[in-house]
Structures are given as C-alpha cells and as structure tokens.
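Undergrad: First the structure, then my questions, so here it is.
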Amino acid sequence: MEGRLGKIYVDTAATTPVSDAVLEAMSPYFQLKYGNPSSTHMLGFQAKEAVLQARTTIAKNLRCDPEELYFTSGGTESDCWAIIGSALATTKKHLVVSSIEHPAVLKCCEMLKQFGYRVSYAGTDSNGQISVSDIEKSICSDTFLIAAMMANNETGVIQPVDEISLVAHRFGIPFFSDGVQALGSIPVDLSQTMVDMFSISGHKIHGPKGIGLLYVSKHHPIAPMICGGGQESGFRGGTENVAGIVGLATAIQESINNLDKTSLKEMKALLYKCIQSISCTTINGASAPTLPGIVSACFDYIEGADLVRYLNEYGILASSSSACSTNTDGPSHVLRAMGVPFSRARGALRLSFDEGNSADEIKYICKVLPEVVQRLRYLSPEYVRLYGKQNID
Ligand code: PLP
C-alpha cells in the first residue's frame, strides 16, 4: 500500500502539497509576469492587478472587506503581528491567551513579558477545549487583547471561539484567533465570527509555504511590525510575494469549495476504532468536537518519537505532536495543559489527513499501528513486567 510519492502521508497538519490549480495559477508570476507591484510600468501594473484580484477573491471567500486583509510570510508572522502589533497600538499592558496556542503566539507573549507586559494563560478542560470562564476571570482594566485559536494543531479540538468573542466584546477587548488549522477544515465566515484579527497560512491548505495573511477588522487599531516601503497600506513593508499571494487566493478558494468532509469523517472513524482496540491508549479530545482530519492519541509505555520513527519504516509519515514542537524539549504543552500526565504525553501520535488520502491507506495504518505499538511496548521493561511478553516474529 503506497500513498503520495510512494508513502502514506498522514501529516497534513504539518504541511500539504501545493495543488495543481495553485501551481498553475502561480507559475506565470515567476518568469513571465515577474513585475514588482510598486513599479509604475506595464509589468508592475500587471503584478499590482494580480495582488488586487487575489485580495478581492480572498475577501469574497472569507466574507470581509479586501482592505481588512494583509499579506504576510505565513501563520507565524501573522500570529506575532497580531500580538505585537496590538501591544504597540495601546498603552495597556496585559493580555489573556490560551495555554494551548501555537508557539508563535506563546513565544511572542514570553517576549512581551521581557518588556513589562503581563500575560494570563487560560487553561482547558480535559478534552482540550479552552475554558471560557478562565478567560473571563483573567480580564482586568489593563487587558488589551484576548487570543484563542479556532482549532488546535495537535489535537484538532475545535475551540469555543464564538463564546470567547462574546466575552471579549462584552468587556470591549479585541479578540484574535489563530485560524491556521481551522480554515479549509471547517466553515469560516468572518462576517459572522466576531474576531478582530484572524491568521491564515497558505501551506496548510495546499497553497505554497511562506505566504499567509492577517485579517484585521477595520475597527481594530494595530501598529505595523515590519516597516518598509509602504506596501500593504503601510502596515506590512516588503515587496509583495506576488506568486505566493496568487497561490494563496487559489488555495483559499479551493479549500472553501471543498468543505464536504464526509470521506475524512469516515477515515477518522476507522482510526478511532483501531486506536480504541489497542490497550492502554487514550484518544485526545475524543469527547470534544474535532477537525475532521486530525486524530491525536497517547500510547502508554512508548515514546511518540519512537512510534513515528518506526511507522516511517513502514512508509507511514506521521508526527508525534506537531512539527513545530519537534525541536523543543519535553512532551507537548497542549497535552500537558489538558492534564495528560507527563509520561502518557510522551507517547503522543498525531495522524492528520485530507482528501489526498484514501480509505485504503487508512486501513493499512489500522493494520500496522497495533503491531508497531506492541513491538515497541515489548521494549519497555515496565510494560513487560506488568503485562508479560508473547512471542512475536
Ligand atoms: N498556527 C498554527 C495553529 C499552526 O498549526 C501553524 C503551523 O504549524 C502556525 C500557526 C504557523 O504557520 P506557518 O508555518 O505558516 O508559519
């Protein structure tokens, strides 16, 4: 059984391949229509028009004004800008963020602390849903921002952003939501969701890497973080990534046209059944609403990193928690925030998939996974002491 490029790729939450339509839309902008949108000649006008059209397409799909969209280098920059740009636009010094945010948000908060800001961290319940009451309790007269992601990148748990935004607005505090994993998996309508800022990344939705955007409501004051030649209405300097912007617009359009996730839900059900049949195993966020294409589980007595390495030998390309946490020490901060014990959190596996995967691939994983888990457990002296060891070939 072989998937993309001869492998079964179940790491779509880390990144996705560029779609054919995206590649085709981008390709003229590398060698043919290579103008700088700021140039006042034919090639420049052409590039400027391409950026304008992309912005209009995206605004139509997300249901916001084109002027509320700012192109960035991706989710990380958008997240950092939302936090830092909001901090720089006010004299207030306190913000509330959830403890399961992406490192782009959490590390920005750490940095702000060095400059005298105070940060309150809202916890989650045991299913990984952010506590709205924690957020509400943390608010004070100095709070300038509340940040809570729309869906978590490790567990896929969909967050109560509507409730959080209601609390934020009741207190007159701007609300930022990281939408990087949510977009393309669940409906996003910025005219209905009361977010003041929303971040998006191209490469999670079959667009190119190195492009993203930050939606900033026209009612929310934000200061620029990257200064330069006046691009993006003076709010984000740097020559526009024209090909990337065109690719992002196509990717967003395609992802919004493709929100029927029936096939993914079926694959997810197969994986749940398989994982639930393995002893000493927990599915993270099993009782919460989760994205159709993410399954996260912890396998006691083994290391997630070993499991990922072993699955790789079988051609199954998965991840232990998130690609962004690979270089950090210790088990996932998301699982720890959910109250998953340290030793259990070390045995985390994330399987993320989309329409590029087939049911046959998932069935192959369901066959291999229990075997691999058992083999690894037999290497654990603690497991063998408790449960014994049977011969396996
Ligand atoms: N936010 C979330 C929830 C993510 O999952 C990611 C990427 O993994 C990012 C932000 C960062 O996006 P990018 O890779 O475009 O910088």
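Nothing in this text is a laboratory measurement; each read-out follows from the coordinates by a stated rule. All values derive from a computational prediction rather than experimental measurement. Quick reminder, even Gly has a Cβ in these numbers, built from the backbone with ideal geometry, and neighbours come from all protein chains shown.
Undergrad: Would you say L23 is away from the ligand (no atom under 16 Å from the Cβ), within 29 Å of the chain's Cα centre (by Cα) and surrounded by 14 or more Cβ atoms within 10 Å (Cβ to Cβ)?
TA: yes
Undergrad: Hey, another quick one. For residues in the stretch 120-158 being among the charged types (D, E, K, R) and away from the ligand (no atom under 16 Å from the Cβ), which is farthest from L351 (Cα to Cα)?
TA: It comes out as D142.
Undergrad: Anything in the stretch 218-242 that is away from the ligand (no atom under 16 Å from the Cβ), surrounded by 18 or more Cβ atoms within 10 Å (Cβ to Cβ) and under 22 Å from N61 (Cα atoms)? List them, or say none.
TA: H220, E232, E240, V242
Undergrad: Which ones in the stretch 179-211 are in a loop (DSSP other than H, G, I, E, B), in contact with a Pro (Cβ under 8 Å, 6 or more places away or on another chain) and either more than 13 Å from the ligand (Cβ to nearest atom) or more than 19 Å from E101 (Cβ to Cβ) (or both)?
TA: Those that are in a loop (DSSP other than H, G, I, E, B), in contact with a Pro (Cβ under 8 Å, 6 or more places away or on another chain) and either more than 13 Å from the ligand (Cβ to nearest atom) or more than 19 Å from E101 (Cβ to Cβ) (or both): D196, H206.
Each row is one residue, and each column tells you yes or no for (1) more than 16 Å from the ligand (Cβ to nearest atom); (2) on the phi > 0 side of the Ramachandran plot; (3) touching a strand residue (DSSP E or B) at 6+ places or on another chain (Cβ under 6 Å).
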residue	(1), (2), (3)
A50	yes, no, no
R55	yes, no, yes
R63	yes, yes, no
D79	no, no, yes
I84	no, no, no
A89	yes, no, no
L95	yes, no, yes
E101	no, no, no
G116	yes, yes, no
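Each row is one residue, and each column tells you yes or no for (1) within 28 Å of M149 (Cβ to Cβ); (2) not acidic (D, E); (3) not in a helix (DSSP H, G or I).
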{"residue": "F30", "(1), (2), (3)": "no, yes, no"}
{"residue": "Q53", "(1), (2), (3)": "no, yes, no"}
{"residue": "C64", "(1), (2), (3)": "yes, yes, yes"}
{"residue": "Y70", "(1), (2), (3)": "yes, yes, yes"}
{"residue": "D79", "(1), (2), (3)": "yes, no, no"}
{"residue": "V97", "(1), (2), (3)": "yes, yes, yes"}
{"residue": "I100", "(1), (2), (3)": "yes, yes, yes"}
